[in-house]
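Undergrad: Structure below; questions to follow.
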Amino acid sequence: MQARRPLPALTALLFLCLLLSSGAQENPTKPRVQVDPLNPMILSSSSVVLNCSTDCVTSPAIGLETSLEALEESRGTNWKVWRLSNVTSDNSPLCYVNCPGKGQGSSRTNIMVYEPPKNLELNLETSQEQSSLPWIPVGQNITLSCHVAGGRPRKNLRVVLLRGAQEISREPAPDTLTTAVVKFQVTASREDDEASFSCHAELNLQSKGLKLYQESSAPLKFYTYDLKKLQPKLVTPMILETGTKKQVSCAMDNVFPVEKAHIQLSWGGQRLIEDNITRHGDMLRVTATIMATEEDMGDRELTCSVTLGNEIRRISENLTVYTFLQPVLMVSGPVQEGYRVNLTCKAHPPATVLIEGAPSDEPDRISLIAQEEDNGRSFTCQATLKLREEIFHKNSSLTLNVKFPPKLDEKCSPNRTWDEGTEQILQCTARGNPAPTVTCVREQQMPVNGGNQQMPFNVSTRVVRSYSGTYNCTAKNSLGVASQVVSVFVKFQDVDSRPIIIGLLVSVLVVTIVMGVGYSLYRQRKIRSYELKKAQEARALNPIKKEDGPCP
């Protein structure tokens, strides 16, 4: 039998009747009503059995007033049992008894529903400061919200924020009828990068005779980064000459995590190929090589950019590419002795030129009359270029090659006197450009002192009297001839050779006689020695007998 649900008007009428009835009686005694179990705690969506009993024994009318679905299961004289099904929220059923002669009594029980936490979900809430997730700058305040379904009664529910196994914060859950949302305020740090965050719910009903119910969310990961509000440091030359290579570099400190940061160099809008990228500690560095060409002439922007998370740090510098060729130093007119020679120097604008020794009003030219002493003279032209407060110089040199005819020098003296038998050189040198050829030829003359012999030219030789004579020395080149007559006189002294020859012959004769006598004496002595030796050998072979007489 299902418990009735009296309407409000009917209930008021019943109470009025009871009041009238009780007023008619003197010192009425209300029936005592008991509900069992009293204030039970049950699992959500489960059922509970209520036993309503009374001390009234005169056919009491027992009823149950509740908003829940109630089904009478059994009854007795003074009791009834109802099953309340699908209890999903707290409820307070009222058990009442109408006892004849005693009036009405009632008792209420409070059913408390519990539900373990479930379906936990941890989310990172977005804010206006955050550009996007999951990249979060270090020092940024973030909000982590944990959504918990169930977890009733809420006053016994605690929600914990964990980083890995470390407890970060513990908060009570709000008492709401829907899903509980607990928010945690966290300041992002380097330790939070790629850490596993989770929320953990604890429903402690141990004081109610139940247990500690626990549930956790799936892990949540996000990235933290630290990129200071500073520009990278770009190391580059301010100017670069075409045809040259230069290495440029860019570095940035305090980059976290450095392995996730990206760095690149671009020049004139084109990315440079990196030579090397270095990551050391929190420092990030890149190097690249720039090759300047004619197409790069002028100012071009070199940019370094560092990207990490949702932020970019960038720095740019203008690099000036220029061309600076060596100056051209030229000479005009025939470079020959006695002729005017003009030297001029030119350079590619905006470079200026200066020839060493040139007049101040015409620094790019020099004019002179060529002389012999100007041959081999060097001239230098210096070109100067000013770019971005830097000054560059390049030089060109030119050596004059002055042509002039042969000129015999002082070594070609006209008179030479030498002693016979000494070592001498018949030498005659000359200057000239082109270098002249020099020869000394003996003039044809009558033989003197037994000969008319040509002395070798420019070669050390022993002087003989036949070298005496006149020599015509000539120097020639394409511009002319120079000549010099050289007289050679050899001093000598005549000596009578007959006494010398006789003395030599006598000496030879004496030596021959001495050698013959000596040989003869030596031979005789060798013969006597030989004969004596033979006689001694004969006596040894034939001993002398006693009867024999003396040797003759």
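Undergrad: Provide a single number: the residues in region 312-322 that are surrounded by 14 or more Cβ atoms within 10 Å (Cβ to Cβ) and of a type outside the set (Lys, Arg).
TA: Count: 6.
Residue by residue, here is whether (1) open to solvent by less than 50 Å² (accessible area, probe 1.4 Å); (2) at pLDDT below 90; (3) in a strand (DSSP E or B) holds:
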position: 379; (1), (2), (3): yes, no, yes
position: 386; (1), (2), (3): no, no, yes
position: 401; (1), (2), (3): no, no, no
position: 404; (1), (2), (3): yes, no, yes
position: 407; (1), (2), (3): no, no, yes
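Undergrad: Based on what the data block shows, is residue 194 over 30 Å from residue 388 (Cα atoms), of a type in the set (D, E, K, R) and assigned to a loop (DSSP other than H, G, I, E, B)?
TA: Criteria met by residue 194.
Undergrad: Under 9 Å between Cβ atoms, which residue pairs at least 6 apart in sequence (or on different chains) link something in region 248-269 that is closer than 13 Å to residue 232 by Cβ with a partner that is of a type in the set (Phe, Trp, Tyr) and open to solvent by less than 60 Å² (accessible area, probe 1.4 Å)?
TA: Hits for this filter: 248/267; 255/225; 261/225.
Undergrad: Among (1) closer than 30 Å to residue 287 by Cα; (2) free of Cβ contacts under 8 Å to residues at least 40 places away in the same chain, there is one condition residue 147 misses while meeting the rest; what is its number?
TA: (1)
Undergrad: Still on this structure, I have one more. State whether one or more residues within region 211-227 are over 30 Å from residue 114 (Cβ atoms) and within 21 Å of the chain's Cα centre (by Cα).
TA: Taking every residue of region 211-227 in turn, at least one turns out to be over 30 Å from residue 114 (Cβ atoms) and within 21 Å of the chain's Cα centre (by Cα).
Undergrad: Exactly one of (1) touching a residue at least 12 places away in the same chain (Cβ under 8 Å); (2) closer than 26 Å to residue 238 by Cβ is unmet by residue 312. Its number?
TA: Tallying (1) touching a residue at least 12 places away in the same chain (Cβ under 8 Å); (2) closer than 26 Å to residue 238 by Cβ, residue 312 fails exactly one: (1).
Undergrad: Pick from region 455-484 the residues that are in a loop (DSSP other than H, G, I, E, B) and open to solvent by 80 Å² or more (accessible area, probe 1.4 Å): which of them is modelled with the lowest pLDDT?
TA: Among residues in region 455-484 that are in a loop (DSSP other than H, G, I, E, B) and open to solvent by 80 Å² or more (accessible area, probe 1.4 Å), the one modelled with the lowest pLDDT is 458.
Undergrad: Can I ask one more? Just for strands (runs of 3 or more DSSP E) wholly inside region 82-169: which have at least 2 residues that are among the aliphatic types (A, V, I, L, M)?
TA: Where strands (runs of 3 or more DSSP E) fall fully within region 82-169 and carry at least 2 residues being among the aliphatic types (A, V, I, L, M), they are 94-99, 112-114, 118-125, 141-149, 157-163.
Undergrad: Another question about this same structure. Quick check: is even one residue across region 334-346 touching a residue at least 40 places away in the same chain (Cβ under 8 Å), hydrophobic (A, V, I, L, M, F, W, C) and touching a Cys at 6+ places or on another chain (Cβ under 8 Å)?
TA: So far as region 334-346 goes, yes, one or more of its residues are touching a residue at least 40 places away in the same chain (Cβ under 8 Å), hydrophobic (A, V, I, L, M, F, W, C) and touching a Cys at 6+ places or on another chain (Cβ under 8 Å).
Undergrad: Additional query: For a quick check of your reading: which strands (runs of 3 or more DSSP E) sit entirely within region 257-296 and have at least 2 residues that are in contact with an Asp or Glu (Cβ under 9 Å, 6 or more places away or on another chain) and over 25 Å from residue 243 (Cα atoms)?
TA: 283-291
Undergrad: Being free of Cβ contacts under 8 Å to residues at least 24 places away in the same chain and touching a strand residue (DSSP E or B) at 6+ places or on another chain (Cβ under 6 Å) is true for just one of 370, 292, 358. Which residue is that?
TA: 358
Undergrad: Can you work out which of the residues in region 409-432 that are under 23 Å from residue 479 (Cβ atoms) and basic (Lys, Arg) is surrounded by the fewest Cβ atoms within 10 Å (Cβ to Cβ)?
TA: 411
Undergrad: Looking at region 384-408, which of its residues are at positive phi and either touching a strand residue (DSSP E or B) at 6+ places or on another chain (Cβ under 8 Å) or touching a residue at least 40 places away in the same chain (Cβ under 8 Å) (or both)?
TA: 388
Undergrad: Whether any residue in region 133-141 is at pLDDT 95 or above and either open to solvent by 20 Å² or more (accessible area, probe 1.4 Å) or over 43 Å from the mean Cα position of the chain (by Cα) (or both) is what I want to check.
TA: No.
Undergrad: Just a yes or no: is a residue in region 203-220 in a strand (DSSP E or B) and open to solvent by less than 30 Å² (accessible area, probe 1.4 Å)?
TA: yes
Undergrad: Still on this structure, please answer the following. Can you pull out the residues in region 225-262 that are hydrophobic (A, V, I, L, M, F, W, C), under 30 Å from residue 188 (Cβ atoms) and surrounded by fewer than 15 Cβ atoms within 10 Å (Cβ to Cβ)?
TA: 230
Undergrad: Ok, one more. What pairs come out if I take residues in region 59-81 that are more than 14 Å from residue 47 (Cα to Cα) and pair them with residues that are assigned to a strand (DSSP E or B) and open to solvent by 50 Å² or more (accessible area, probe 1.4 Å) whose C-beta lies under 8 Å away, six or more apart or interchain?
TA: That search, which allows pairs on different chains as well, returns 62/75; 62/79; 79/51; 80/51.
Undergrad: Any idea which of (1) open to solvent by 50 Å² or more (accessible area, probe 1.4 Å); (2) under 30 Å from residue 479 (Cβ atoms); (3) not aliphatic (A, V, I, L, M) is the one residue 345 doesn't satisfy?
TA: Result: residue 345 passes all but (1).
Undergrad: Going through region 18-58 one residue at a time, which ones are at pLDDT below 50 and surrounded by fewer than 13 Cβ atoms within 10 Å (Cβ to Cβ)?
TA: 19, 20, 23, 24, 25, 26, 27 - these are the residues of region 18-58 that are at pLDDT below 50 and surrounded by fewer than 13 Cβ atoms within 10 Å (Cβ to Cβ).
Undergrad: May I ask you to list the residues in region 176-191 that are open to solvent by 60 Å² or more (accessible area, probe 1.4 Å) and part of a strand (DSSP E or B)?
TA: 183, 185, 187
Undergrad: I've got another one for you. What is the residue count in region 91-113 for residues that are crowded, with 20+ Cβ neighbours inside 10 Å and of a type outside the set (S, T, N, Q)?
TA: The total comes to 8.
Undergrad: So, one more: Just to be sure before I move on: is residue 281 of a type in the set (Gly, Ala, Ser), open to solvent by 30 Å² or more (accessible area, probe 1.4 Å) and within 29 Å of residue 370 (Cα to Cα) in the structure I sent?
TA: When the stated conditions are applied, residue 281 does not pass them.
Undergrad: Between residues in region 218-236 that are touching a residue at least 12 places away in the same chain (Cβ under 8 Å) and more than 9 Å from residue 252 (Cα to Cα) and residues that are open to solvent by less than 40 Å² (accessible area, probe 1.4 Å) and part of a loop (DSSP other than H, G, I, E, B), which pairs lie under 6 Å by C-beta distance while being six or more apart or on different chains?
TA: 223/193; 224/188; 224/193; 225/309
The values are calculated or read from the model by the stated rules, or taken from the named source; none is laboratory data. Everything numeric here is computed off the predicted structure, so don't read it as measured data. Methodologically, a virtual Cβ is constructed for each residue, glycine included, from the backbone with ideal geometry; neighbour enumeration extends over all protein chains shown. All accessible areas refer to the heavy atoms of the entire protein, side chains included, with ligands and DNA or RNA removed. Shrake-Rupley method; radii C 1.70, N 1.55, O 1.52, S 1.80 Å.
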